[in-house]
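For reference, the structure is listed below as structure tokens.
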Amino acid sequence: MTGLYTDLYELRMAASYLKRGMTEDATFSLYIRPTPDRPWFVALGVERVLDFIDAYRFDRDEIDYLATLGFADETLDAFAALRPSGEVWAVEDGMVVLADEPIVEITAPLPLAQLWETAVINLVQYPTLIATKGARVAFAAAGRPVVDFGFRRAHGLETGVEAAYAAYVGGGLTTSNVEAGRRYGIDVVGTMAHSFVQSHTTELAAFRAFAQDHPDNTTLLVDTYDTLHGVRDAIAISKEGFEVRAVRLDSGDLDTLSRATRDLLDDAGCAGIRIFASGGLDEHQIAALVSSGAPIDAFGVGTDLVVSMDRPAAEIAYKLVNYDGRDVIKASANKESLAGAKQIFRAGDPTRDVLALRDESFEGRALLRPVWRDGTRLGRFDLTTARERARDDLATIPEPLRRPDYAGPVPRPRVSEALRALTDRLRQDG
């Protein structure tokens, strides 16, 4: 089942809570700390969290394994009897959030809420990272189509599928990942590899074979040997009557090569053939190509996307903010938490958000809502709705914050006076 999707220290804390009767409700808040290279995030993973909580159990094999780690019989019996209960508040999948804004807040008996920490962090962090990366890439492409090419470099098969899902939600990226297409209905696209060209006696023969076999999807990879010679071979295939949709540039100086390619195509009367560029691209390189006016019609992004290379992990935290009706904080330097169950109010773009206590009221819409209570789903998140929500929220982000090279202050929500006063008082009380 799911009981062992956790860290050992979570189990040890839960064992102590159970032994000492510390089973009152606790509220934990999941949020991301400020990160200079990510002024905003596309939140994703809430549906996965609810799936995990719904399925949460310790089965017999898990209990038997824990016995080998030295847990007492009464603790093992208590673990075996645990069943999910409590309440989850969350933002909707696909929503843009700022640092410090809760993505998920869980209120449950303390042992349960503690045991869920590791899995909840895991289930939110990666899809949020990749959805955010996908959005950044899409902003850089300025309306040009972008394809996720990263499956082969993802850290595991399922990770690659989830990356395609997240990149679609955050940036509307299509994918080369066939399983992601089957599972989620994302458009699947693909061209050819250099091996296809190498396996034929000539590049022209390879192009002719591919055009014959895939007449409705003829995109030709032209840089196996000499890129511009490859473009000329693509033109030759087109002149033979095959419908060549695009040529793909996968290496070299893409700015210079795309301009030379466009000239060759146009001079040959092949203005309808598009130029697709790939090869180690990230949002910074794409933005530079777009701003320079490189005549590239679409981009493929692989490794940099699926591992979020420039930011492979978020400063994500899951902190206790209330136990048994008592608000609590963490006061560590640079890692201070804010007390109490919270609400986010948005009136306008995200940079105007207000972070407040849950029972406060401010102008705008409240972003956190109850999504699960004692085993009952209070709402579900589907792919299409999450993508539409991300698209709408991203459209409200101020233009400077959309740039991949943004280096200004990290936007954070305004903290309400009541929330700040409560946190200050608890800090002073020690």
Query raised in the report: What relative contact order, as a whole-number percentage, does the chain give when Cα pairs under 8 Å and 6 or more residues apart are counted?
Result: 22 percent
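Looking at region 1-83, which GluC sites (Glu not before Pro) are in a loop (DSSP not H, G, I, E or B) and have at most 16 other Cβ atoms within 10 Å?
Values: sites: GLU10, GLU24, GLU47, GLU62, GLU74; in loops: GLU24.
For GluC sites (Glu not before Pro) across region 1-83 that sit outside H, G, I, E and B with at most 16 neighbouring Cβ atoms in 10 Å, the list reads GLU24.
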Requested in this report: Please give every one of the lysines within straight-line cross-link reach of LYS342, meaning a C-alpha to C-alpha distance under 22 Å, and leave out same-chain neighbours fewer than 8 residues apart.
Outcome: LYS319, LYS330
Query - Most fluctuating residue given options ALA166, ALA246, ALA407, as computed from a GNM of the chain linking Cα atoms under 10 Å - result: ALA407
**Report entry** Label selected from (1) 1.16; (2) 0.99; (3) 0.92, the criterion being Cα Rg over 2.2 N^0.38 Å as computed here
**Finding:** (1)
Query raised in the report: Under 5 Å between amide H atoms, partner at least 5 residues away or on a different chain: which partners does VAL147 have, H built in plane at 1.01 Å?
Result: PHE299, GLY300, VAL301
Requested in this report: Could you pull the accessible area for MET309 with a 1.4 Å probe, rounded to 10 Å²?
Outcome: 110 Å²
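With Cβ to Cβ distances under 12 Å as the rule, what net charge do the other residues near SER278 carry (K, R +1; D, E -1)? Display every interim value, and only then the final one.
Numbers: positive: ARG248; negative: ASP148, ASP223, ASP250, ASP282, ASP304.
So the environment of SER278 carries a net charge of -4.
Pick out, in residue order, every one of the GluC sites (Glu not before Pro) in region 326-368 that is DSSP loop and has at most 11 other C-beta atoms within 10 Å; say none if there are none.
Numbers: sites: GLU336, GLU360, GLU363; in loops: GLU336, GLU360, GLU363.
Passing sites in region 326-368 are GLU363.
Where does the charge balance sit around PHE207 when Lys and Arg score +1, Asp and Glu -1, over other residues with C-beta under 10 Å from its C-beta? Before the final figure, lay out the partial values.
Details: positive: ARG208; negative: GLU203, ASP233, GLU240.
With Lys, Arg at +1 and Asp, Glu at -1, the net is -2.
May I ask you to list the chymotrypsin sites (Phe, Trp or Tyr not before Pro) in region 202-292 that are in a DSSP loop and have at most 13 other Cβ atoms within 10 Å of their Cβ?
On the way: sites: PHE207, PHE210, TYR225, PHE242, PHE276; in loops: TYR225, PHE242.
When the chymotrypsin sites (Phe, Trp or Tyr not before Pro) of region 202-292 are filtered for loop state and at most 13 Cβ neighbours within 10 Å, TYR225 remain.
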Query - Neighbour net charge for PRO398 - beta-carbon separation under 11 angstrom, K R +1, D E -1 - result: +1
Query raised in the report: Ranked by accessible surface with a 1.4 Å probe, highest first, in what order do LYS330, LYS239 come?
Result: LYS239, LYS330
Report summary line: If unit charges are put on Cβ atoms (+1 for Lys and Arg, -1 for Asp and Glu) and the dipole of the chain is taken about its Cα centre, the option from ILE103, ALA209, THR6 lying farthest towards the positive end turns out to be ILE103
Query raised in the report: To the nearest Å, what is the center-to-center distance of region 4-66 and region 391-430, using C-alpha atoms only?
Result: 25 Å
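Report the gain in length on full extension from GLU240 to ARG20: 0.36 nm times residue separation, minus Cα-Cα distance, nm rounded to one decimal.
Working: separation 220, 0.36 × 220 = 79.20 nm, distance 8.12 nm.
Working it through step by step, the gained length comes to 71.1 nm.
Can you give the charge dipole size of the chain about its Cα centre, rounded to the nearest 20 debye, using +1 on the beta carbon of Lys and Arg and -1 on the beta carbon of Asp and Glu?
Details: 48 positive and 65 negative charges, 130 e Å.
In debye, rounded to 20, the chain gives about 620.
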Requested in this report: Would you kindly derive the ³J(HN,Hα) couplings of region 44-50 from the backbone phi angles with the Karplus curve 6.51 cos²θ - 1.76 cosθ + 1.60 (θ = phi - 60°), listing them in order in whole Hz, with x for Gly and Pro?
Outcome: 7, x, 4, 4, 5, 4, 5
Report task. Provide the per residue accessible area, probe 1.4 Å, for the chain, rounded to a whole number of square angstrom. Result -> 43 Å²
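Under unit Cβ charges (Lys, Arg +1; Asp, Glu -1), what dipole magnitude, rounded to 20 debye, does region 103-176 have relative to its Cα centre? Before the final figure, lay out the partial values.
Details: 5 positive and 5 negative charges, 85 e Å.
About 400 debye.
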Report summary line: To the nearest 0.05, the calculated FRET efficiency linking ASN334 and ASP226 through their beta-carbon distance, R0 being 51 Å, is 0.45
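Given a 1.4 angstrom probe, I'd like the percentage of the accessible area of the chain that is carbon and sulfur, rounded to a whole number.
Details: 9150 of 18590 Å².
C and S atoms contribute 49 percent here.
Magnitude of the Cβ-charge dipole of region 169-221, K/R +1 and D/E -1, about the Cα centre, nearest 20 debye? It would help to have the intermediate numbers written out before the result.
Numbers: 3 positive and 5 negative charges, 20 e Å.
So the dipole magnitude of region 169-221 works out to roughly 100 debye.
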Query raised in the report: Can you tell which of ASN122, GLY375, TYR31 lies farthest toward the positive end of the dipole of the chain, using +1 and -1 charges on the Cβ of basic and acidic side chains (Lys, Arg; Asp, Glu)?
Result: TYR31
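Using just the helices of the chain, give the 222 nm mean residue ellipticity in deg cm²/dmol: DSSP H runs with n ≥ 4 each add -39,500 (n - 2.57), and the total is spread over all residues, rounded to 500. Kindly include the intermediate steps, with their values, before the conclusion.
Details: 17 runs with 179 residues, N = 430.
Taken over the chain, the calculation gives -12500 deg cm²/dmol.
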Report summary line: One finds, for ALA205 and ARG380 with R0 = 60 angstrom and r their Cβ-Cβ distance, a FRET efficiency to the nearest 0.05 of 0.70
Report summary line: The answer for LEU249, listing residues at least 5 apart or on another chain whose modeled amide H is closer than 5 Å to its amide H, is PHE276, ALA277, SER278
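The values are calculated or read from the model by the stated rules, or taken from the named source; none is laboratory data. For clarity, every value in this text was computed on a predicted model and none was experimentally measured. Here Cβ is always computed from backbone atoms with ideal geometry, including for glycine, and neighbour counts include all displayed protein chains. Just the protein is used for accessible areas: all its heavy atoms, side chains included, with ligands, DNA and RNA removed. Shrake-Rupley method; radii C 1.70, N 1.55, O 1.52, S 1.80 Å.
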